[in-house]
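Got a structure for you, questions after.
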Amino acid sequence: MTGIFITGTDTDIGKTVVAAGLAGSLMDKGYNVGVMKPVQSGAEMKNGTLYSQDAEVMIKAVGSSDEMELICPVLLREALAPSVAAELEGKQLDLEQIRNAYMELEKRHDLVVVEGAGGIAVPLKDKFLIADLILYLGIPAIIVARAGLGTINHTFLTIEYARKCGISVVGVIINNYKGGIAEQTNPQVLSKLTGIPVLGIIPHCHTMETEGVTPEVEAISLVREHVKLESVIPFIK
Ligand SMILES: Nc1ncnc2c1ncn2[C@@H]1O[C@H](COP(=O)(O)OP(=O)(O)OP(=O)(O)O)[C@@H](O)[C@H]1O
Ligand SMILES: [Mg+2]
């Protein structure tokens with residue numbers, strides 16, 4: 001296995017921060033790391049063309065020179081579930097194109113860090129969900145979860161659904177930890193309930209909210225300091 005899929009319990013949970021941070025930290029350890037954001041909805045315009053904000057952060061984290069068609073083959077304008085955004089634009093998602101792009105990146109790198117869209121049950125096309133994409137690419141997943149109240153339920157459901165689908169879950173990364181009582185007790189409860197390890201607890205980072213801060217630099221130092229990289233290294237070829 002030479003890829004790792006970063007999914008989450010929700011949208012806006014820190015998948016890009018974890019994906020970019022993981023990719024950059026592993027590159028700093030000497031690995032040749034590729035990045036991929038197969039589907040970006042809510043893509044923004046730059047110089048008259050759509051681009052992926054998430055891919056941009058990940059690309060900067062590793063200094064990728066792979067073609068954008070490989071890194072982010074599907075760009076959708078509306079910030080909606082990809083199946084809905086694609087339908088609005090009259091586009092058909094080409095799943096084979098996504099897999100071919102992934103396989104090309106896999107050939108070029110020791111590891112490809114792939115960021116999903118939203119959570120695991122988000123539809124990409126008809127009834128084809130992010131979970132189906134993870135299986136289609138044939139790679140294990142890391143689940144990014146929020147730290148506070150509600151996360152036991154969301155994370156448990158995500159892990160159980162992943163299991164039911166046959167996805168191999170490497171672990172959970174808790175993000176945006178602010179130190180409340182639920183936040184302090186959640187990691188132990190989660191690993192006990194699910195048997196899945198918590199690979200790291202990433203604290204809330206004030207500087208990340210500050211204008212002018214380069215997000216990939218912050219992401220790399222957060223992951224390097226707070227995530228057990230040795231749990232991911234066995235997946236690298
Ligand atoms: N540990 C943290 N401390 C402070 N801010 C954070 C932290 N993690 C993420 N953020 C901020 O929260 C927002 C969402 O993070 P991010 O973009 O990584 O989420 P996402 O799950 O990738 O979202 P999407 O579903 O849109 O892809 C960003 O503005 C990011 O800078
Ligand atoms: Mg993202």
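The values are calculated or read from the model by the stated rules, or taken from the named source; none is laboratory data. Predicted model only: the values in this text are computed from it and were never measured. Glycine gets a Cβ as well: all are built from the backbone with ideal geometry, and neighbour counts include every protein chain shown. Heavy atoms of the whole protein, side chains included, go into the accessibility calculation; ligands, DNA and RNA do not. Shrake-Rupley method; radii C 1.70, N 1.55, O 1.52, S 1.80 Å.
Examine region 169-189 for a residue that is free of Cβ contacts under 8 Å to residues at least 60 places away in the same chain, under 24 Å from Asp132 (Cβ atoms) and open to solvent by less than 20 Å² (accessible area, probe 1.4 Å), and state whether such a residue exists. First the steps, then the outcome.
Kept after step one, since they are free of Cβ contacts under 8 Å to residues at least 60 places away in the same chain, are these residues of region 169-189: 169, 172, 174, 177-189.
From what is left, the residues that are under 24 Å from Asp132 (Cβ atoms) are 169, 172.
Okay, now just the ones that are also open to solvent by less than 20 Å² (accessible area, probe 1.4 Å), so 172.
Checked region 169-189: at least one residue is free of Cβ contacts under 8 Å to residues at least 60 places away in the same chain, under 24 Å from Asp132 (Cβ atoms) and open to solvent by less than 20 Å² (accessible area, probe 1.4 Å).
Filtering region 20-40 down to residues that are crowded, with 24+ Cβ neighbours inside 10 Å and over 21 Å from Ile202 (Cβ atoms), which residue is farthest from ligand 1 (Cβ to nearest atom)?
Selected residue: Gly34.
Going by the structure shown, is Val17 touching a helix residue (DSSP H, G or I) at 6+ places or on another chain (Cβ under 7 Å), at pLDDT 95 or above, farther than 19 Å from Ile130 by Cβ and open to solvent by 10 Å² or more (accessible area, probe 1.4 Å)?
So Val17 fails the test.
Can you list the strands (runs of 3 or more DSSP E) lying wholly within region 1-81 that have 2 or more residues being among the hydrophobic types (A, V, I, L, M, F, W, C)?
Values: elements: 3-8, 33-36, 39-41, 44-46, 49-51, 74-76.
It comes to 3-8, 33-36, 74-76.
Which of the residues that make up region 44-91 are farther than 18 Å from Pro215 by Cα and within 14 Å of ligand 1 (Cβ to nearest atom)?
Going residue by residue through region 44-91, those that are farther than 18 Å from Pro215 by Cα are 45-50, 65-91.
Within region 44-91, Cys72, Val74, Leu75, Leu76, Glu78, Ala79, Leu80, Ala81, Pro82, Ala85 qualify.
Moving on. Ala219 fails exactly one of the following numbered conditions: (1) in contact with a Ser or Thr (Cβ under 8 Å, 6 or more places away or on another chain); (2) modelled with pLDDT under 95; (3) part of a helix (DSSP H, G or I). What is the number of that condition?
Evaluating Ala219 over (1) in contact with a Ser or Thr (Cβ under 8 Å, 6 or more places away or on another chain); (2) modelled with pLDDT under 95; (3) part of a helix (DSSP H, G or I) leaves (2) as the failure.
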